[in-house]
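The values are calculated or read from the model by the stated rules, or taken from the named source; none is laboratory data. Because the structure is predicted, anything quoted here is derived from the model rather than measured. Note that we place each Cβ from the backbone using ideal geometry, even for glycine, and neighbour counts take in every protein chain shown. The accessibility values were calculated without ligands, DNA or RNA, using every heavy atom of the protein model including side chains. Shrake-Rupley method; radii C 1.70, N 1.55, O 1.52, S 1.80 Å.
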Amino acid sequence: MDIHIVEIHPGADKKKLNTEWFVVENRGDKAFSTRNCTLSVRKGKGKPRALGTIDPGFSLGPGERMRVLTGTPGKKSQGQPPDDGQPSYSLFLGAPILMGPGTVLSIALRTHAVCSATFDPKAERGVRG
């Protein structure tokens, strides 16, 4: 499985949860389902904080990408996500997940790490290389 977080985008402000997102890409040659995967976040070397299980999740075919939004679709108070044709999946969370530079986002399936990325606002697409 060759799954990567290829972009991390901070929100416009803490209340605009639909403007905070990350993009997951399948660089492998087989489809991947995020159903039952867990999402966690940590700052630097701190202890990971579980944000929950991605359920029902989404499937990514080879070469496909999905934008994962922090907020709830349809809540105008949470802002508008980009309308650029890229598919989006909403986490329905009530607070931002990014804790500033050095935040590490991780996706795991059971105890197996699927992918992780570190937020760096100075890096291209917000992901530290």
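In square angstrom, rounded to the nearest 10, how much accessible surface does Ser116 have for a 1.4 Å probe?
Roll a 1.4 Å probe over it and Ser116 shows about 80 Å².
Heavy-atom accessible area of Lys30 with all protein chains present, probe 1.4 Å, nearest 10 Å²?
Estimated to the nearest 10 Å², Lys30 gives 150 Å².
Got a sec to turn the phi values of segment 28-34 into Karplus ³J(HN,Hα) couplings, 6.51 cos²θ - 1.76 cosθ + 1.60 with θ = phi - 60°, whole Hz, x for Gly and Pro?
x, 10, 10, 5, 9, 10, 8
In terms of Cα to Cα distance under 19 Å, which lysines are near enough to Lys43, apart from those fewer than 8 places away along the same chain?
Straight-line reach from Lys43, under 19 Å: Lys14, Lys122.
Please arrange Asp2, Asp84 by accessible surface area, largest first, computed with a 1.4 Å probe and ligands excluded.
I get Asp84, Asp2, largest accessible area first.
Springs between alpha-carbon atoms under 10 Å, Gaussian network over the chain: tell me which of Pro82, Pro48, Pro96 tops the mean-square fluctuations.
Taking springs between Cα atoms under 10 Å, the residue moving most is Pro82.
For Ser77 and Lys122, compute 0.36 nm times the residue count separating them, minus their Cα-Cα distance, and round to one decimal in nm.
Difference between extended and current length: 13.4 nm.
For the chain, modelled as a GNM with alpha-carbon contacts under 10 angstrom, which of Gly100, Gly85, Gly46 fluctuates the most?
Looking only at Gly100, Gly85, Gly46, the largest GNM fluctuation is found for Gly85.
Could you give the accessible area per residue of the chain, probe 1.4 Å, as a whole number in Å²?
57
Tell me, what % of the accessible area of the chain is carbon and sulfur with a 1.4 angstrom probe?
The computed percentage sits at 51.
Pop a pseudo-label 7 angstrom from the Cα along the beta-carbon direction at both Ala95 and Lys14 and give the gap in nm to one decimal.
0.9
Skipping prolines and chain starts, which residues have an amide H placed within reach, meaning under 5 Å, of the one on Glu64, given they are 5 or more residues away or on another chain?
Asn26
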